[in-house]
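Q: After the structure tokens below, expect a handful of questions from me.
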Amino acid sequence: MSDQSEFPAIIAGGGDLAAFLSANKAAVDAALDHAGTLLFRGFDVSDPLAFDAAIEGYGEPGFTYEDSLSNAVRTNVTPRVFTANEAPPDTEIFLHHEMAQTPLYPAKLFFYCEIAPGEGGATPLCRSDWVLDQLRAANPDFVARIEAEGVRYTNVMPAGDDAVSGQGRSWRSTLSVSDKAQAEARLTALGYSWEWLENTSLRVTTAALPGVRDLGDGRSSFFNQLIAAFRGWADSRNDPNRAITFGSGDPITSEDMADAIRIADELTYNLAWDVGDVALLDNFQVMHGRRPFKGKRRVLASLIA
Ligand code: FE2
């Protein structure tokens, strides 16, 4: 296993982050590949426009929220910057790879702390390749099944956005459609199955999606959304016990998930934000979440295709 003291790698600096990222792109990418997460601390990133400029300085194309199948309710701040999940402060967002519960996911994520939380509100970060190594030793049958079959996710989307839920994005917004016929055409193209509930909300089950990702360098990661779905997909419409299955449709047991959750919790680093911090995450190597908080907290996000 790699040296855990290097996670995340902190790049302490000063001055303009956009210029730094532009001038040091190759070195930044090499460091990101090694560490999975880079924290840029002490640079001059005074507002969301400076964050947007830093993303432009990094120079890779964006992955837009409108095009994504994310379940979270979010709001754009600049063309490339949006609010992180707007779920209420007391709601924990559990560890996940961004949008791994859909066939469309970003390769990397930027976060920016505009307002540091008064209490709580850390961003838990967890190396998913380390999780997989330990899980393979603890529960080889489970890893073999998610590797061979993939996994399916089931969730219920409301007719209109529900900001009280971490899963509250409406089916119209999630699927970028305006009526039921368009929704069904999009779901068919995605290979999803579905059921209309009480004629307004929509239960969908994905095609079999990856449970494990080959990182291409001899490593693999626990690339999925199983922990967040199992622990967190609870609201007035969603039952976490129905949220995840193996690709075959067989239920994933709470015993299987207990191993994954215990190992991930042990490997989690809680990033306590300072104002102006920018973090860059490799979405294939690292899971993230959001701890509950009190008071104000504003952490903005941007996705890299
Ligand atoms: Fe996320």
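Q: Identify the residue in region 285-298 that is within 16 Å of the ligand (Cβ to nearest atom) and more than 14 Å from the chain's Cα centre (by Cα) and, among all such residues, is most open to solvent (accessible area, probe 1.4 Å).
A: Arg298
Q: Residues that are of a type in the set (Asp, Glu), surrounded by 23 or more Cβ atoms within 10 Å (Cβ to Cβ) and at pLDDT 95 or above: list the strands (runs of 3 or more DSSP E) wholly contained in region 91-161 that include at least 3 such residues.
A: Once the strands (runs of 3 or more DSSP E) in region 91-161 are filtered for at least 3 residues that are of a type in the set (Asp, Glu), surrounded by 23 or more Cβ atoms within 10 Å (Cβ to Cβ) and at pLDDT 95 or above, nothing remains.
Q: Going through Glu114, Glu98, Glu56 one at a time, which residue ends up being under 30 Å from Ser236 (Cα atoms), touching a residue at least 12 places away in the same chain (Cβ under 8 Å) and charged (D, E, K, R)?
A: Glu98
Q: Does any residue in region 210-226 that is free of Cβ contacts under 8 Å to residues at least 12 places away in the same chain come within less than 7 Å, Cβ to Cβ, of a residue that is of a type outside the set (Lys, Arg) and assigned to a strand (DSSP E or B) six or more places away or on a different chain, and which pairs are these?
A: What qualifies is Asp214/Ser220.
Q: Which residue out of Tyr112, Tyr153, Tyr192 is aromatic (Phe, Trp, Tyr), more than 16 Å from the ligand (Cβ to nearest atom) and under 22 Å from the mean Cα position of the chain (by Cα)?
A: Answer to the check: Tyr192.
Q: Same structure, new question: When region 70-88 is examined, which residues are found to be touching a Ser or Thr at 6+ places or on another chain (Cβ under 8 Å), more than 12 Å from the ligand (Cβ to nearest atom), of a type outside the set (A, V, I, L, M) and open to solvent by less than 50 Å² (accessible area, probe 1.4 Å)?
A: Selection gives Arg80 alone.
Q: Here's a follow-up. Looking at (1) open to solvent by 50 Å² or more (accessible area, probe 1.4 Å); (2) under 23 Å from the mean Cα position of the chain (by Cα), can you tell me which one Ala27 breaks?
A: Unmet condition: (2).
Q: While we're here: For Thr91, only one of the following conditions fails: (1) within 15 Å of the ligand (Cβ to nearest atom); (2) under 30 Å from Ser220 (Cβ atoms). What is its number?
A: Here Thr91 meets the rest and fails (2).
Q: Among all residue pairs at least 6 apart or on different chains, which show Cβ distances below 7 Å where the first residue, located in region 3-21, is modelled with pLDDT under 95 and the second is open to solvent by 40 Å² or more (accessible area, probe 1.4 Å) and in a helix (DSSP H, G or I)?
A: From region 3-21, the pairs are Gly13/Phe20.
The values are calculated or read from the model by the stated rules, or taken from the named source; none is laboratory data. Since we're looking at a predicted model, the values are computed, not measured. Quick reminder, even Gly has a Cβ in these numbers, built from the backbone with ideal geometry, and neighbours come from all protein chains shown. Areas reflect the complete protein model, heavy atoms only, side chains present, ligands, DNA and RNA absent. Shrake-Rupley method; radii C 1.70, N 1.55, O 1.52, S 1.80 Å.
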